[in-house]
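Peer 1: Take this structure, written in structure tokens, and hold onto it; I'll ask about it next.
The values are calculated or read from the model by the stated rules, or taken from the named source; none is laboratory data. What you are looking at is a predicted structure, and each value in this text was computed from that prediction instead of being measured. Every residue, glycine among them, receives a Cβ derived from its backbone with ideal geometry; neighbour counts consider all protein chains shown. We work out accessible area using only protein heavy atoms, side chains counted, and drop any ligands, DNA or RNA first. Shrake-Rupley method; radii C 1.70, N 1.55, O 1.52, S 1.80 Å.
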Amino acid sequence: MAKQTGIIPLVGTLNGINFYYLNGKPIARKAGGGFTRKTIKSKASMQRVRENANEFGHCSAVNRAFRSALNPFYKGHKFTHFHSRLMGLFMRIKVLDTTHKRGERCVANGIGQAHGLQLLQQFNYTPGCVVRQVLPFALDVSSSDFVLTLADFDIAQVGFVEGATHMALTYGVLDFDFDHLNYALHLAPPLVLDRSYAGSTLTLEPATLPSGLGTALCVLGVRFYQEVAGALYVLNAKDSVGIAVLKCL
């Protein structure tokens, strides 16, 4: 493989050489030795490749819908490797599907296993801002009305990021159908606290309750702000936004 030089980069095959772009750069290499789309689709030895591709495509669709559902918790913020890390999570969960044969395994059946729910709940969604470390308190979610209570709260123990004057908590119940990739998010009114907050208990209650569309995920988001001249501005550092799944029902 070599880089192309010249005024006009080529794309295509000429005299046994493939010309194409890789990561935005014009590349040239000897043609042949690879697999065509037709070969992958029909050749018996490519069966495992086809199976992996099918399951990867399925997990990618789940990933896309799941990130969209979580968007209200991180809107406007970009996480490093968020897509690839979630792909790894869903690939691990679909392996738990013992109902379907290889190539047809799905995330929904993996979620149906106790270990699948455990993976979903224990996954570290935002390594740069770990919610349970930022909020080192008991985070209790009621199984009947989904109310989140933070007992023995002390603002002095909150892991404020550098430069932050305020913290916003966003809590909601994500009713997610892993079979059909439909979802509904039931949010509580956001709670914004400054460093002088003196309360010892926080309660966040969703305005509406899930209707049983799918798996109920109790999600807590943390975001830090800085006050300047009476206005709050979002901090965009990698440790300024956190997401955690507190409970799966």
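Peer 1: Roughly how many Å is it from the Cα centre of the range 139-162 to that of the range 167-240, as a whole number?
Peer 2: 11 Å
Peer 1: Can you tell me the mean projection area, over all orientations, of the convex hull of the range 93-151's alpha carbons? Units nm², please.
Peer 2: Hull-based average projected area comes out at 5.6 nm².
Peer 1: Still on this structure, I have one more. What does a probe at residue 180 reach in the range 92-122, counting residues whose amide N is under 20 Å from the point 7 Å along Cα→Cβ?
Peer 2: Under 20 Å, as judged by backbone N against the label point of residue 180, lie 106-112 of the range 92-122.
Peer 1: By the gyration tensor of its Cα atoms, with a ≥ b ≥ c the square roots of the eigenvalues, what is the shape of the range 44-181: rounded for a/c under 1.5, prolate for a/b over b/c, or oblate?
Peer 2: The shape class here is prolate.
Peer 1: Moving to a separate point now. Please identify the trypsin sites (Lys or Arg not before Pro) of the range 92-129 that satisfy two criteria: DSSP loop assignment and at most 11 other Cβ atoms within 10 Å. Which are they?
Peer 2: The qualifying sites are 101.
Peer 1: Let me ask something additional. For residue 247, which aspartates and glutamates qualify as cross-link partners when the Cα separation must be under 19 Å and same-chain residues fewer than eight apart are set aside?
Peer 2: Here the aspartates and glutamates satisfying the reach criterion relative to residue 247 are 140, 145, 175, 177, 205.
Peer 1: How large is the translational diffusion coefficient of the range 176-249 in µm² per second when you combine the Kirkwood radius over alpha carbon pairs with Stokes-Einstein at 10 °C and 1.306 mPa s?
Peer 2: 106 µm²/s
Peer 1: Let me ask another. Excluding same-chain residues fewer than 8 positions from residue 43, which aspartates and glutamates have a Cα within less than 16 Å of its Cα?
Peer 2: Those aspartates and glutamates meeting the cut-off are 51.
Peer 1: At 1.4 Å probe radius, can you tell me the per residue accessible area of the range 110-249 in Å²?
Peer 2: Per residue, the range 110-249 has an accessible area of 47 Å².
Peer 1: I'd like the carbon and sulfur percentage of the solvent accessible area for the range 97-249, probe radius 1.4 Å, heavy atoms only, ligands and nucleic acids excluded.
Peer 2: The computed percentage sits at 49.
Peer 1: Order 201, 99, 170, most accessible first, counting only protein heavy atoms with a 1.4 angstrom probe.
Peer 2: The ranking, largest first, comes out as 99, 201, 170.
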